[in-house]
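Worksheet: the structure to be examined is printed underneath.
What follows is calculated from the coordinates using simple rules that are stated; it is not laboratory data. Since the model is a prediction, treat every value here as computed from it, not as a measurement. Counting neighbours? That spans all protein chains shown, and the Cβs are built from the backbone with ideal geometry, glycine included.
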Amino acid sequence: MYTIQTLNNIVQCGLDVFGNQYEMITEGEADGILLRSFPMHTMELPASVKAIARAGAGVNNIPVEACTEKGIVVFNTPGANANAVKEMVLASLLLASRNLWDGISWAKSLYGYGDIVPELVEAGKKEYVGNEIRGKRLGIIGLGAIGALVANDALALEMEVIGYDPYVSVETAWRLSRQVQRAVNLEQIFATCDYITIHVPLVEQTRGLLNAHAFRSMKKGVRIFNFSRGELVQEEDLRDALESGIVANYVTDFPNNTVLGMKNVIPIPHLGASTYESEENCAIMAARQLKTYLETGNIRNSVNFPNVELPYFGQKRITVAHKNVPNMVGQMTAFLAEHHINIADMINRSKGSYAYTIIDIDNGVDAHIKESIATKIKNLPGVAAVRIIQ
Ligand SMILES: NC(=O)c1ccc[n+]([C@@H]2O[C@H](COP(=O)([O-])OP(=O)(O)OC[C@H]3O[C@@H](n4cnc5c(N)ncnc54)[C@H](O)[C@@H]3O)[C@@H](O)[C@H]2O)c1
Ligand SMILES: O=C(O)[C@H](O)COP(=O)(O)O
């Protein structure tokens with residue numbers, strides 16, 4: 001029996017993945033945590049937690065580094081909500097270009113004028129003339145799951161598309177249309193684009209990516225779309241850029257009090273991934289990854305540990321989350337050799353400064369010997385967490 005703590009509402013089909021061997025709680029000590037955007041940074045993590053699954057893409061609400069040091073595996077659901085966000089970006093391109101936000105607000109304000117409303121509409125519509133997006137240049141910063149979908153569909157809408165992503169994955173590169181131009185630096189995007197949309201994770205390197213320097217390099221009247229994270233944009237610099245007209249519109253999925261007070265901001269209440277389809281995709285994927293990890297130790301789509309999978313048929317298994325330093329595996333297997341325990345199968349993979357090892361041992365080993373080996377491994381310098389699965 002495992003216990004899962006949910007920190008946000010998770011759709012039922014995701015919870016159903018766990019089945020009746022799991023207890024679902026909202027408070028208390030759990031083996032696994034399932035969440036969406038709940039801010040975990042100030043949360044005390046019970047020692048019982050082995051893994052955290054984010055039903056979504058961004059993990060900036062999770063203390064990933066601290067989890068890694070404790071051997072807690074953090075999962076996300078790459079691509080599971082990308083289509084939902086892409087559709088929102090496409091809608092926003094039109095929303096901002098055609099002055100729909102202001103036009104609709106004005107039309108609604110005409111309620112009460114009676115029979116002359118149609119006349120007022122025809123007389124006032126000239127205030128809301130907009131631009132077509134066809135033939136305009138769209139700059140995409142970050143060509144991952146979302147950025148790549150936006151790029152391909154913007155081309156289909158006859159936009160000219162240029163993307164910047166120095167770390168683009170091979171998989172994404174294959175999915176991208178060859179008509180997407182490749183920017184060699186951000187300046188190329190800033191200096192030439194009519195529309196700029198940003199699809200990168202919030203990390204130290206990307207915090208404040210759009211700042212005074214960036215705005216100064218942009219074409220006057222550029223429209224900016226932020227469906228990634230508010231902190232990617234330097235707020236006071238944005239205010240100046242909106243005031244001076246360098247930025248014609250800022251569409252953000254992350255409004256706060258400061259940004260709401262700025263002119264020409266179109267605020268959306270973090271609805272990028274809020275579709276029934278995407279909520280189901282994310283919840284099911286996150287739940288499956290968490291369940292698989294708890295039951296087999298196999299890791300898929302972790303942000304802090306490598307993908308490691310060894311087929312599991314109920315055999316005895318030791319899993320170790322550890323630092324990626326020499327002789328870790330040698331020391332672990334030496335303990336097994338001391339007790340004449342045969343290794344049936346084994347795998348070790350690394351990701352950055354951490355690694356993960358799965359060792360399958362032959363059945364028939366006494367429980368107390370397994371426990372003593374687990375303790376010895378746990379006490380090795382560099383080992384973050386050890387589990388015995390059987
Ligand atoms: N508004 C929403 O509801 C919503 C939904 C999903 C994701 N998001 C946000 O969008 C972000 C992107 O999501 P995704 O699914 O496309 O993630 P992803 O990991 O598939 O793509 C991110 C891309 O950014 C690139 N990148 C990283 N640093 C960069 C840099 N400095 N310059 C240029 N490119 C850089 C990476 O190489 C990668 O290709 C998430 O991290 C999350 O913060 C928001
Ligand atoms: O990073 C994400 O996946 C999005 O910001 C979605 O967040 P949500 O699950 O809270 O809607």
Ordering of 275-282, 104-111 by burial proxy (mean other Cβ atoms within 10 Å per residue, highest first): 275-282, 104-111
Three-way shape call for the range 1-132 based on the alpha-carbon gyration tensor, with the a/c threshold at 1.5: prolate
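Highest mean first, how do 212-219, 336-343 rank when packing is the count of other Cβ atoms within 10 Å averaged over residues?
Details: 212-219: 17.0, 336-343: 13.9.
Per-residue mean Cβ counts within 10 Å order the peptides as 212-219, 336-343.
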Amide H contacts under 5 Å for residue 266, placed H, 5+ residues apart: 250, 251, 252
Projected area, mean over directions - the chain, Cα convex hull, nm²: 23.5
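Determine, from the Cβ-Cβ distance of residue 295 and residue 331 and an R0 of 35 Å, the FRET efficiency 1/(1 + (r/R0)^6), rounded to the nearest 0.05. Don't skip to the answer; put the middle values down first.
Working: r = 27 Å, r/R0 = 0.77.
Working from the Cβ atoms, E equals 0.85.
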Neighbour net charge for residue 286 - beta-carbon separation under 12 angstrom, K R +1, D E -1: +3
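Of 136/263; 86/351; 351/376; 316/351; 316/370; 70/323, which sit over 21 Å apart, Cα to Cα?
Where the Cα-Cα span goes over 21 Å, the pairs concerned are 136/263; 86/351; 351/376; 316/351.
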